[in-house]
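Below is one structure, written out as structure tokens; the observations come after it.
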Amino acid sequence: MKTYISVFGFLLISNFCFSQTIPSKEVQIKTALMAAPDEKKDGAMVYGYDSNGNFVVLRNGTNEMVCITDDPNSPGFSVSSYQKGLEPFMERGRELKKEGKSFQEIFDTREAEAKSGKLKMPDEGATLFVLTADAENYDPSTGEVSDTYLRYVVYLPWATAESTGLPLKPSAPGMPWIMDPGTHRAHIMITPPRN
């Protein structure tokens, strides 16, 4: 009996502590929008977390951008924004990750589904923006973030170094290059030099 009470107490405390780490809806929306281009912020859709830690839509959108707030269970600070043509790809990745699949299993599953037409990929490319910061530079109670770093990814499914003229690795700081060429996940990486 004592063991059951201890376990129950631990679960209550764990749930209470977890719910305490999730920022308010307003803070989540504020920080998620930091990754979006300025002219796209007002109409962007925003995903985040409810008080139970469930991944939910915090705000519906009216334009082509989707933003995702920082995951309170991941170290550091990271928010992103992407063109909605990437939503099927992103959503499928979230589903497979939730199932406990490894990075390679997720890659292989999406590759097969994209080749078969089951997974819809953007026809003309789509951009992802990722804004990050160290944990000590983020205040989840106010949504204030300092010393951020923004990088860009342009997804071009099936593109190659030959079809784009891009190298397979950067030869200068900030130089665009192509990653995962010839696959559903082919994308141009743009990582500006850090100040």
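The values are calculated or read from the model by the stated rules, or taken from the named source; none is laboratory data. What you are looking at is a predicted structure, and each value in this text was computed from that prediction instead of being measured. Neighbour counts are summed over all protein chains in view; Cβ atoms, including those assigned to glycine, are modelled from backbone coordinates with ideal geometry. Surface accessibility is based on the protein's heavy atoms, side chains included, excluding ligands, DNA and RNA. Shrake-Rupley method; radii C 1.70, N 1.55, O 1.52, S 1.80 Å.
Quick notes on this structure:
- Residues (open to solvent by 40 Å² or more (accessible area, probe 1.4 Å) and β-branched (Val, Ile, Thr)) located in the stretch 133-148: THR142, THR148
- Only one of the numbered conditions (1) part of a helix (DSSP H, G or I); (2) of a type in the set (Lys, Arg); (3) touching a strand residue (DSSP E or B) at 6+ places or on another chain (Cβ under 7 Å) is violated by ARG110, and that is (3).
- The residue list THR132, THR142 contains one member that is over 18 Å from the mean Cα position of the chain (by Cα) and closer than 25 Å to ILE29 by Cα, which is THR142.
A quick yes/no check of all residues on (1) over 17 Å from ALA159 (Cβ atoms); (2) free of Cβ contacts under 8 Å to residues at least 24 places away in the same chain:
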{"position": "GLU111", "(1), (2)": "no, no"}
{"position": "ALA114", "(1), (2)": "no, no"}
{"position": "GLY125", "(1), (2)": "no, no"}
{"position": "PHE129", "(1), (2)": "yes, no"}
{"position": "ALA133", "(1), (2)": "yes, no"}
{"position": "GLU136", "(1), (2)": "yes, yes"}
{"position": "ASP139", "(1), (2)": "yes, yes"}
{"position": "THR142", "(1), (2)": "yes, no"}
{"position": "SER146", "(1), (2)": "yes, yes"}
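- Within the stretch 149-195, the set of residues being part of a strand (DSSP E or B), surrounded by 16 or more Cβ atoms within 10 Å (Cβ to Cβ) and of a type in the set (A, V, I, L, M) comprises VAL153, VAL154, ILE178, ILE188, MET189, ILE190.
- The residues in the stretch 120-132 that are modelled with pLDDT of 95 or more and surrounded by fewer than 18 Cβ atoms within 10 Å (Cβ to Cβ) can be counted, and the count is 2.
- Scanning the stretch 13-30 for residues being at pLDDT 95 or above and open to solvent by 50 Å² or more (accessible area, probe 1.4 Å) gives a total of 4.
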